[in-house]
Every structure is written in C-alpha cells, then in structure tokens.
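All remarks here apply to the structure that follows.
The values are calculated or read from the model by the stated rules, or taken from the named source; none is laboratory data. A quick note: this is a predicted structure, and the numbers were derived from the prediction, not measured. With ideal geometry, Cβ positions are generated from the backbone for all residues, glycine too; neighbour counts draw on all protein chains shown. Just the protein is used for accessible areas: all its heavy atoms, side chains included, with ligands, DNA and RNA removed. Shrake-Rupley method; radii C 1.70, N 1.55, O 1.52, S 1.80 Å.
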Amino acid sequence: MRKQIVAGNWKMNNDLKASKKLAIQVAKKVKKSNLKGTKVIIAPTFVNLERVVKATKNAKIKVAAQNMHFEESGAYTGEVSAQMLKSIGVKTVILGHSERREYFSETDEMLAKKVNSALVNKMNVIFCFGEVLEDRKSGNQEKVVESQIKNALFHLKAEAFKNIVLAYEPVWAIGTGETATPEQAQDMHAFIRQTLTNKYGEELAESVSILYGGSCKPGNAKEIFSKKDVDGGLIGGAALNADDFLAIVTAF
Ligand code: PEP
C-alpha cells in the first residue's frame, strides 16, 4: 500500500508567531480528526523550522524544509545544508519546486545533487516537477515531465525511492486558481508511474507515492484524490489556513 500524504508548503509566509500558531492549530485538528493512515507534513520557512519542530514534537505531523543546498558546508552565503536541517530535527525536504526552478534558476543537474545530498543524510525528499503552460498547449507535457524525472532521479538505485515522494505540479496551476482536472492529474500520474515502471519495474513504481499540486482546495481535493494514481497533495495557498488544510487532509 502506498502512503497517502498531504503536505503544506507555506512558502515565504508567516513570521515566527504566525508559524507556531498555524502549526499548533494544524496539530490539534489532526489529532481531533483521528486520521487513518494519512501522513501530514508542513513546510515553514527556514528560520521558523526549529521552533515549529519543537511546537509539534508530540503531534502526528512532520516538518519539512522547502529547499536546501547540495553541499554539506562551505562558502555558500545564505544557504542551508542537509546536515544543518537534520541537526534541528528536520528530516524531510521539498526539492525542485517550480518557484525554485524559475526564480532561483535551479536546474535538473543541481537538483540531482540536492537529492543525493538529502539521501546521503538519510532525509526524505518530496521531489517536485511539472510542465509550464506552453508545454501543455503544445502537447509536450509528458516529454517535459519525463526528462525532469530522468535527469534528477534516474541515476539512483531502486532502494533510494523508499525515501522519495514525487509531486507532480503543473506550473500553470500553481497559485493561479486553475487546477488540472482530476482526469488530467490521473493521466499524468499514470504516465509518471509507467515511466518509473520502465526504469525500475512495476513493484517499485507501485510503491512510490505521487502527490498532485496546483490550486488544490477543499472543494476539489476529494475528486482529485479519488483518482487511482493520486496519493495525496502538495498544497500551497490553502495550507495557510488550518481549516482549509485539514479539509484537504481529510478529503481521502
Ligand atoms: C505549490 O506551490 O506547491 C502549490 C501547489 O501552490 P497552490 O496550492 O497555491 O497552487
């Protein structure tokens, strides 16, 4: 059975007070809703990670970072390494988000190195990828997604995928209010699983959780999550409100 996962990416939102407040609200609601098997992850900004880890110590939620550098240490002003994240109790990292790719010029090659560093440090990775609108309009979405996955992940041994969750996020749906239809999401997730099957075999492909991200909201989560190859969501805007986030978490 694949894990069902809902992860909230808070992006560059919430100062310390707001981060602790939201984390505690989410933790309380998760406890109350007595979830059966859905894993809940929240990803605050770097500076608030340690305090949020502490505030949610006994809760059934995990705390993830939104990014990290691929080197362990050194002259990389403003950067944070896997080892540093681990030292404050963060064991999961989101890598390859489209905003990192677009605004910070992250390439597949850099992402392959980041994935390696996370895995060497025994961290879990939520690996994001997805096509831009022009790719979809020209019918190239599968080609683009396949190359993003191959370039950043296909150097890995099969065992590595125990620590990797994939997040398909069509860039045209992120923060735009426009969502992929449940059918578009399912078609792409099935394609991603087939791509994994072709390289690593069906057993591995069937074991990897693939999340959908892109304007996922309480109103559309249930239908998207009901699709066979959709194992949960990576949530942006709606993760900033505890009620909306929990409505998505409980949409399975
Ligand atoms: C995201 O940034 O990963 C995301 C899915 O954002 P939103 O839900 O706001 O579209």
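Observations on the structure shown:
- Within the accessible surface of the chain, defined with a 1.4 Å probe on protein heavy atoms only, the carbon and sulfur portion equals 50 percent.
- Prolate/oblate/rounded call for region 177-228, Cα gyration tensor, a/c under 1.5 rounded: prolate
- Ordering of 50-60, 119-129, 211-221 by burial proxy (mean other Cβ atoms within 10 Å per residue, highest first): 211-221, 119-129, 50-60
- Percent antiparallel among DSSP beta bridges (both partners in region 4-130, rounded to 5): 0
- For region 193-252: relative contact order, % (alpha-carbon pairs under 8 angstrom, 6 or more apart): 33
- Two-site label geometry, T181 and L204: point separation in nm, points 7 Å out along Cα→Cβ: 3.4
- Rounded, prolate or oblate (a/c below 1.5 giving rounded, otherwise prolate when a/b exceeds b/c) for region 79-215 by Cα gyration tensor: oblate
- Think of it as helices only: each DSSP H run of n ≥ 4 in the chain is worth -39500 (n - 2.57), and spread over all residues that comes to -12500 deg cm²/dmol at 222 nm.
- Packing-based order for 186-193, 4-11, 143-150, using average beta carbon neighbours within 10 Å, highest first: 4-11, 186-193, 143-150
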